[in-house]
Amino acid sequence: MAYTAWAEELKQHFDETVSWRRYLHEHPEPSFEEKETAHYILEKLTSFGIEDIQTDIGNGYGLVAKITGAHPGPTIALRADFDALRIHEEAAVSFKSKNDGFMHACGHDGHTASLLSVAKVIVKHKDELHGNVVLIHQNAEEVLPGGAKSMVEAGVLEDVDYVFGIHLDSLQEVGKVFYNYSFGSANSDMFKLTIQGKGGHGAAPHDTHDALTIGTQIVTSLQQVVSRITDPVKPAVLTIAGFEAGGEAYNIIADTATIKGSVRTMQHDVQDLIEQKLHSVSTHIAEAFEATLDLNYDRGYPSIQNDPVEVEKLKQRFTQTFGEDQVEEIGGSMGGEDFAYFLKEKPGAFFRVGAKVPEDDAPYPHHHPKFKIHEDSLLRSGEVFLSIIEEYLG
Ligand SMILES: [Zn+2]
Ligand SMILES: [Zn+2]
């Protein structure tokens, strides 16, 4: 069987895969500035003998490589993101970030290395493929507007039939594969409310419209949007993350106040409802106390919608390949992920691969300065990609 031979080769060059990941880890570059990272990926892909490579796709340094199979069949795209975060690394690893202030704290170094390892194996076996593999190395997942949307707009999925991606998960058992039949991530929106009141002397409140107290009422009332207005079986989060009003003085009533926060939802009707309620609740409170209100609501990445048919197919294949105890259903995350744009265009799925370091009782979450992954997760990620190739092109 093809998969067994491919997976064996993947294992044979696993040390090399780890060395790529460690190199990337030592040289992180933040979103939209991953020039050297893209160059490193291009060098590797070229060294494997892949010729059909496009660079600088979309709004940054995204790359796409195509491996054309010998036999006709569908085309599947496999995606790995490659940007790092603006975080100063505190993890105790020998291959610590050499670019101070930047860190691969989400595992995108691992995604990249495992997709490269798959490319290296599969290009040697293109004669066995009934169809084609498109490798999408995506820039800038972490920062809006992200790289995915622009890559889709540049046409990377035009000849693609299915698209798949994985994300490592530092909190889940290493090597386990997690699937989800519907929403894999949330619509991730941001908002800013600006309240314009009328400031004045702290001893003469009747001459003012206190933006600070109006703001606190808005903060309190917004807590009722999710608890009392949205349908409890449809997930939603409304988080107020910042409140600014007033200054240093003890006797000045605030002229303006700003409130910042984020809204996470899965279904679009809930997203619409929350945006509308944010506006109406805040405006009515501001108006009642004679202030004016400005709402800036920015829709970020949409929610990931996995295709249940493809998920079911692959769940069965993973179970056969990795064993029943290695494959598990998982609830969607309220995090944002721009892989959603690929799935808006073509059917496919996004899986999570456990990467917890077993001896860590309290592992650090993604985006933490002490974030770590177990590198065996890179091998399993590669195996996941290979078994997807086997399923569709074998
Ligand atoms: Zn992240
Ligand atoms: Zn990530």
Could you state, as a whole-number percent, how many of the C-alpha pairs of the range 11-159 are farther apart than 21 Å? 43
Run through the range 129-210 and list the trypsin sites (Lys or Arg not before Pro) located in a DSSP loop whose Cβ has at most 12 other Cβ atoms within 10 Å. none
Over the range 187-298, average the accessible area per residue using a 1.4 Å probe and give it in Å², no decimals. 55
How many angstrom lie between the Cα centre of the range 9-85 and the Cα centre of the range 157-176? 15
Would you mind counting up the charge near GLU9? Only other residues with Cβ under 10 Å from its Cβ, with Lys and Arg at +1 and Asp and Glu at -1. +2
Accessible area of the range 20-108 divided out per residue, in Å², using a probe of 1.4 angstrom: 42
Dividing the mean separation of Cα pairs under 8 Å (6+ apart) by the residue count of the range 187-298 yields a relative contact order in percent of 42
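Let me check I've understood the local charge: for LEU45, count other residues with C-beta under 11 angstrom from its C-beta, Lys and Arg +1, Asp and Glu -1. What total comes out?
Details: positive: LYS44, LYS66, LYS120; negative: GLU43, GLU51, ASP52.
The answer is 0.
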Would you tally the net charge around ASP100, using a Cβ to Cβ cut-off of less than 14 Å, leaving ASP100 out, and scoring K and R as +1, D and E as -1? -1
Averaged over every viewing direction, what's the projected area of the C-alpha convex hull for the range 146-255? Give it in nm², one decimal, please. 12.9
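Provide the three semi-axes, in whole Å and in decreasing order, of the ellipsoid equivalent to the range 244-394 as defined by the square roots of 5 times the Cα gyration tensor eigenvalues.
Square roots of five times the eigenvalues give 45, 22, 11 Å.
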Send over the per residue convex hull volume for the chain, Cα only, as a whole number of Å³. 152
Can you list the trypsin sites (Lys or Arg not before Pro) in the range 285-317 that are in a DSSP coil and have 16 or fewer other beta carbons within 10 angstrom? ARG299
Relative contact order (%) - the chain, alpha-carbon pairs under 8 angstrom, separation at least six: 24
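ALA2 to ASP294: extension gain in nm, 0.36 nm per residue of separation minus the Cα-Cα distance?
Value of the extension gain: 99.1 nm.
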Looking at the range 263-337, which GluC sites (Glu not before Pro) are DSSP coil and have at most 16 other C-beta atoms within 10 Å of their C-beta? GLU290
First compute the accessible area of the chain with a 1.4 Å probe, then give the percent of it belonging to carbon and sulfur atoms. 48
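Of the DSSP beta bridges with both residues in the chain, give the percent that are antiparallel, rounding to the nearest 5.
The antiparallel proportion sits near 65 percent.
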Ranked by GNM mean-square fluctuation in the chain (Cα springs under 10 Å), the top entry among LEU144, LEU63, LEU116 is LEU144
Compute the long axis of helix 376-393 from its Cα atoms, compare it with the longest principal axis of the Cα atoms of the chain, and write down the angle in degrees, 0 to 90, nearest 10. 70
Using only the alpha-carbon atoms, how far is helix 268-288 inclined from the longest principal axis of the chain? Give it as 0 to 90 degrees, nearest 10. 20
Not counting ligands, DNA or RNA, and with a 1.4 Å probe, what is PHE322's accessible surface area in Å² rounded to the nearest 10? 30
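The values are calculated or read from the model by the stated rules, or taken from the named source; none is laboratory data. What you see is a predicted model; the values in this text were computed from it and never measured. Don't worry about glycine lacking a Cβ; one is built from the backbone with ideal geometry, like all the others, and counts go over all protein chains shown. Quick note on the areas: whole protein, heavy atoms, side chains included, nothing else; ligands and nucleic acids left out. Shrake-Rupley method; radii C 1.70, N 1.55, O 1.52, S 1.80 Å.
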